[in-house]
Amino acid sequence: MTTPMGSPPSPAPADNADVSSLLYLGSPAARLILALFVLSNAIFTVGTADVLSAPWQSYVAMLLVSAGGVLLLRPHPDPFPLRDTAAVLAVVVVSTALVATNLPGEGDLGRASWHLGSNTWLLFFLTLRRRGLYAWAGMAAMAAITIAAAASSGRGAVSGALMLNAHMGILVVATLFARTLRRTARRIASLERRSIAAAAQQARVETAEEIRRTRAAELAAAVVPLLERIANGAPASDEERQTYAVTEAALRDGVRGRSLMLPSVVEAAARARRRGVTVTILDDRGALPPDGDSVARVVAATVDALDAASDGTVTIRLVPAGRSVGLTVVATAGDQVRRTTLGPDGHELERSS
């Protein structure tokens, strides 16, 4: 959108692009994937319990990792909250310690090391949610625990390190993917802002055109019949002359006092002029107050001043924006001058006579 002065708005910061919105984390599909994640953890835990020295540790790790998945799926604008990030890292560290210290020292582990893949996927999504450095810290902690546990069990530190090479590769992919996804999100956000700005501009153009058509129709309805009567060349009566004068003044009000040209004000000004009052309406502000209550107070004060005048002059002026005064009404009748001042919110500030 444009500002009131017509200048384009400053672009929104690029980092406002929300990657999570592209991942549809709150969608049924995301919940289905989470359910499969939890189910696979449970299956691997139960299926490998017989090779573990303390199966309960793996069960506890399974519950923790599943809870971490639920937490990561929680809708929240990126970056992911630090408190929740710390909770996910704690899950990675504790679950790794529980399972790694529970693995046998020899033989094929199979799916007994399921926690490495599951925790890597937690770190994968943590990276996507703009916590990449924390995710790599979690991977480092997971690697240190795994290597230390493998060395102490007799498998050797090298064997422990080899258990992690594929998982580190996955996190590298996550880091690159997250950068690409953020660039895409920024482009989408930029296109959305441009689309909204274009729609707003089009709406303003259409509104202005509609206002012009409405004003042209009002002008035609008010003036054309009078011009036709004048063109006929017939003598005008006093009442007709007064009608011509009131109509001409109303047209002048529409140019000089546009914002105040509401139906009740137009009617009150016409009544005052028919009583012989000279009415001048000026709009030096360009707009009425933004809220309805303030507008109602301004209109009521204007109508009251016009209806109260039986002769003389009434000058009503909307004061330029940025001042402590919003509207002034000056009514003169002979030597008597009444001045009423309203604030920008329509509340009366001063009345003198």
Flagged in segment 150-176 as open to solvent by less than 10 Å² (accessible area, probe 1.4 Å) and either part of a helix (DSSP H, G or I) or of a type in the set (S, T, N, Q) (or both), in numbering order, are Ala150, Gly160, Leu171, Ala174
Which listed residue, of Arg194, Arg187, Arg182, is at pLDDT 75 or above, touching a helix residue (DSSP H, G or I) at 6+ places or on another chain (Cβ under 7 Å) and either more than 30 Å from Val265 (Cβ to Cβ) or open to solvent by less than 50 Å² (accessible area, probe 1.4 Å) (or both): Arg182
Kindly indicate whether Asp345 is under 40 Å from the mean Cα position of the chain (by Cα), modelled with pLDDT under 90 and assigned to a helix (DSSP H, G or I). no
Out of (1) in a helix (DSSP H, G or I); (2) touching a helix residue (DSSP H, G or I) at 6+ places or on another chain (Cβ under 7 Å), the odd one out for Leu282 is which? (1)
Mind checking which pairs have a first residue in segment 145-157 that is among the β-branched types (Val, Ile, Thr) and a second that is at pLDDT 85 or above and exposed (fewer than 14 other Cβ atoms within 10 Å of the Cβ), Cβ under 6 Å, 6 or more apart or different chains? none
Just to be sure I understand, how many residues within segment 305-342 are assigned to a loop (DSSP other than H, G, I, E, B) and either over 46 Å from the mean Cα position of the chain (by Cα) or on the phi > 0 side of the Ramachandran plot (or both)? 7
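Residues are listed down the side, and each one gets a yes or a no for (1) closer than 22 Å to Gly322 by Cα; (2) surrounded by fewer than 19 Cβ atoms within 10 Å (Cβ to Cβ):
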| position | (1), (2) |
| --- | --- |
| Glu248 | no, yes |
| Leu251 | no, yes |
| Arg258 | yes, yes |
| Leu262 | no, yes |
| Val265 | no, no |
| Arg273 | no, no |
| Thr280 | no, yes |
| Gly286 | yes, yes |
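The values are calculated or read from the model by the stated rules, or taken from the named source; none is laboratory data. Being a predicted model, the structure only gives us computed values, none of them experimental. With ideal geometry, Cβ positions are generated from the backbone for all residues, glycine too; neighbour counts draw on all protein chains shown. In case anyone asks, the SASA skips ligands and DNA or RNA and just uses the protein heavy atoms, side chains included. Shrake-Rupley method; radii C 1.70, N 1.55, O 1.52, S 1.80 Å.
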